[in-house]
1. Tell me yes or no: at least one residue of segment 64-73 is at negative phi, loosely packed, with under 14 Cβ neighbours inside 10 Å, modelled with pLDDT under 95 and not charged (D, E, K, R).
2. In segment 282-321, what residues are closer than 19 Å to Phe130 by Cα, touching a Phe, Trp or Tyr at 6+ places or on another chain (Cβ under 8 Å) and among the polar types (S, T, N, Q)?
3. Go through segment 143-160 and report how many residues are more than 20 Å from Phe278 (Cβ to Cβ) and assigned to a helix (DSSP H, G or I).
4. Failed condition for Val258, given (1) at pLDDT 95 or above; (2) under 17 Å from Phe283 (Cα atoms), with all others met?
5. Scan segment 74-102 residue by residue and report those that are within 15 Å of Ala128 (Cα to Cα), over 16 Å from the mean Cα position of the chain (by Cα) and among the β-branched types (Val, Ile, Thr).
6. Condition (residue is closer than 20 Å to Ile116 by Cβ, part of a loop (DSSP other than H, G, I, E, B) and at pLDDT below 90) applied to segment 345-359: is it met by at least one residue?
7. Given Ser308, Ser292, which one is crowded, with 19+ Cβ neighbours inside 10 Å, out of contact with any Cys (no Cβ under 9 Å at 6 or more places or on another chain), among the polar types (S, T, N, Q) and not in a helix (DSSP H, G or I)?
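The values are calculated or read from the model by the stated rules, or taken from the named source; none is laboratory data. If you're wondering where the values come from, they're calculated on a predicted model, not measured in any experiment. In this analysis, Cβ positions are derived from the backbone assuming ideal geometry, glycine residues included, and neighbour counts consider all displayed protein chains.
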Amino acid sequence: MQAIKKFNFWALPIAAFSVVIWIWLTQNGFGLTADAKAYLYAAESFGKQGEFLTPQGYYTHWTPLFPFLLSFVPVKVLFGITLLLNLCLLYLLVYQVIQRCFWQTIAYLHAALSTIFVMVHFFVWSEALFLAFLLAIVILFLQMLEKENTKIFYALILISNLLCLQRMAGIFFVIALALLFAYYFSWEKAFVYLVLSSLGLGLWLMRNSFLQNKPDFVENIWAVSMYDSFMGYAESFIKIIFPIFDNRLVWLTGFMFVYFTLSLGLSFAKEQPSFVLFFLFFFYVSVMIALSMNIPHESDRYAFPVMSFFQILFWKKLSDLDEKRYKLQSKFKYFVMVVVIIYNLFRTYSNVQRWYYSPPLEMYRTILHKFLHIRQAYFANYAHAEPKTWHFQPSVSSSQDFLDKY
């Protein structure tokens, strides 16, 4: 691949700094939320009893791959490996899409040190590993566009199954990729990919249907109004570029999101790598908005899988401005670059400081190798009893307030 043949060494200090932030942030433990505790509980129950359970019964609300891995891999090891994998895959994707070395570096800096990227590797959530699978799939698909290869095709099917078993939202990307297969290759190949890539998730949903009469994911559909869903996603994407200071300007946020989306779509309709990223971004966000599958204050998590796509396309757009024909635009793009990078680095610094000194909710401390006493700590927390201090440490932070406003 071109990214390997011509390595940009500026990526090394950026990746190293991201790792240093993670090591410093997680030295006291990892952030916990309700679903994080459910993952850990299911992991411990699977390790001890061979069955995924929650305190309320069978583990059916989420997919099984994440707790399965947590059942035999320590949290810090799993997330450390995932972080390194994501940094490498993100590098490969950035340098496949953006040609100019300077803008490659800026795009990688923006993505690898963004607040949301740091956040998903700090909380015990499934998003980090989900991103690794998704990035691997996109990179392999782009390789298939260069040269069709049967081995790559079956590797895509395998990783796509893992993607769906990590999070149910993976099926949206499988459908989108099937459409891309139909567009670039054939409907037959698209059908084979769609069917084989969804087998794992299909078997898991069949298992759940035998345990209960209704699918759990239905509860997540239309959780908010479509307008609130749209504005939630619009804010999540816009605030990785510009700060949102006043909620009264919510209409401006929506307008900017629509403008950026249309601008990116029109700019990259004829460029294969960029168009693939845009199509995945647009399809995923459109489906999530149509189904209103996000809840207040957590749109960042729902938007995260395609956040890096949006960032890469944004910098690709800026890098493509012709410096000779549009001198004013050329100067303006460097001003935008400075503002966006400084703002995002400050935002990351602010939130990292906040998570470290005022831990959100409770902290999972990896003093022991695995999950000793996690069952008792989990039940104690639900019974409003005092949990074991070395394992779960409550704080005054709100369960919804993960990020600073800006």
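1. Just the residues of segment 64-73 that are at negative phi, to begin with: 64-73.
Right, trim to loosely packed, with under 14 Cβ neighbours inside 10 Å and you get 72.
If we keep only those that are modelled with pLDDT under 95 as well, we get 72.
Right, trim to not charged (D, E, K, R) and you get 72.
Yes, segment 64-73 contains at least one residue that is at negative phi, loosely packed, with under 14 Cβ neighbours inside 10 Å, modelled with pLDDT under 95 and not charged (D, E, K, R).
2. Selection gives Asn294, Ser299, Ser308.
3. Keep residues of segment 143-160 that are more than 20 Å from Phe278 (Cβ to Cβ), which gives 147-155, 157-159.
Retained after the next criterion (residues that are assigned to a helix (DSSP H, G or I)): 150-155, 157-159.
Residues meeting the conditions: 9.
4. (1)
5. Residues satisfying the conditions are Val75, Val77.
6. yes
7. Details: Ser308 fails: not in a helix (DSSP H, G or I).
Sole residue among the options that is crowded, with 19+ Cβ neighbours inside 10 Å, out of contact with any Cys (no Cβ under 9 Å at 6 or more places or on another chain), among the polar types (S, T, N, Q) and not in a helix (DSSP H, G or I): Ser292.
So that you can scan it fast, the table gives a plain yes or no per residue for (1) hydrophobic (A, V, I, L, M, F, W, C); (2) surrounded by 20 or more Cβ atoms within 10 Å (Cβ to Cβ); (3) over 18 Å from Thr150 (Cβ atoms); (4) modelled with pLDDT of 95 or more:
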residue: Gly170; (1), (2), (3), (4): no, yes, yes, yes
residue: Val174; (1), (2), (3), (4): yes, yes, yes, yes
residue: Ala178; (1), (2), (3), (4): yes, yes, no, yes
residue: Leu194; (1), (2), (3), (4): yes, no, no, yes
residue: Ser197; (1), (2), (3), (4): no, yes, no, yes
residue: Leu201; (1), (2), (3), (4): yes, yes, yes, yes
residue: Met206; (1), (2), (3), (4): yes, no, yes, no
residue: Phe210; (1), (2), (3), (4): yes, no, yes, no
